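Contents: one structure, followed by commentary.
The values are calculated or read from the model by the stated rules, or taken from the named source; none is laboratory data. Remember, predicted model here, so these are calculated numbers, not experimental data. All Cβ positions, even for glycine, are placed from backbone atoms using ideal geometry, and neighbour counts span all protein chains on display.
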Amino acid sequence: MSTDDLIDAARRGEQNAWLDIVSELGPQIQGYARTKGVEDAEDLLQDVLTAVATGIHDFEGGWSNFRSWVFSIAYRRIADTHRSGFRRPRHVRYDSFADSGHASSNPESVVLVDTMTDASLEALNVLNDVEREVIVLRVIADLDTEEVAAVVDKKPGTVRVIQSRAMSKLRKELEAWS
């Protein structure tokens, strides 16, 4: 079944379509939530999927737009979670083994995910909030530039510039630790 057919099947309420969506996007959403300091990523995933199920009948677009839409919902839910706690997001240790849905081989993934240690996560602190968001969405959530742009409400070219500058800052920070 194509990804566009998957969206249509989910609209019709087909259980197998929802299972495929959850298995495809669930680990990425949970990994994204963990890197944003959400303690109960499974609970957040359920909130996101409930919002997706509620709004899928109004959604228009293909798989890439769907992924952007889902991560936009996750982004807002995470912000709501932090707002309700009246605290700054707590950085938690990223567990690449728990993030079994992440299977990208882009250069950023090789640099960050394969060597994701406490030091790498600490290095993210040199980034401003937008830079950190772009890197986490590109690397952990495995969204492409256009999808990230939709989530953070920026143009794709702007996202590429932010990502490039952020990666440069991270490289310098990690080299300084070596």
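Observations on the model:
- Of the set (1) assigned to a helix (DSSP H, G or I); (2) modelled with pLDDT under 90; (3) closer than 17 Å to Thr35 by Cβ; (4) not hydrophobic (A, V, I, L, M, F, W, C), all apply to Glu147 but (2).
- Residue within the range 77-85 that is at negative phi, at pLDDT below 80 and not in a helix (DSSP H, G or I) present: yes
- In the set (1) at pLDDT 90 or above; (2) crowded, with 19+ Cβ neighbours inside 10 Å; (3) under 15 Å from the mean Cα position of the chain (by Cα), the condition left unmet by Glu24 is number (2).
- Which listed residue is within 18 Å of the chain's Cα centre (by Cα), closer than 23 Å to Ile135 by Cβ and modelled with pLDDT of 95 or more, from Val48, Val38, Val52: Val48
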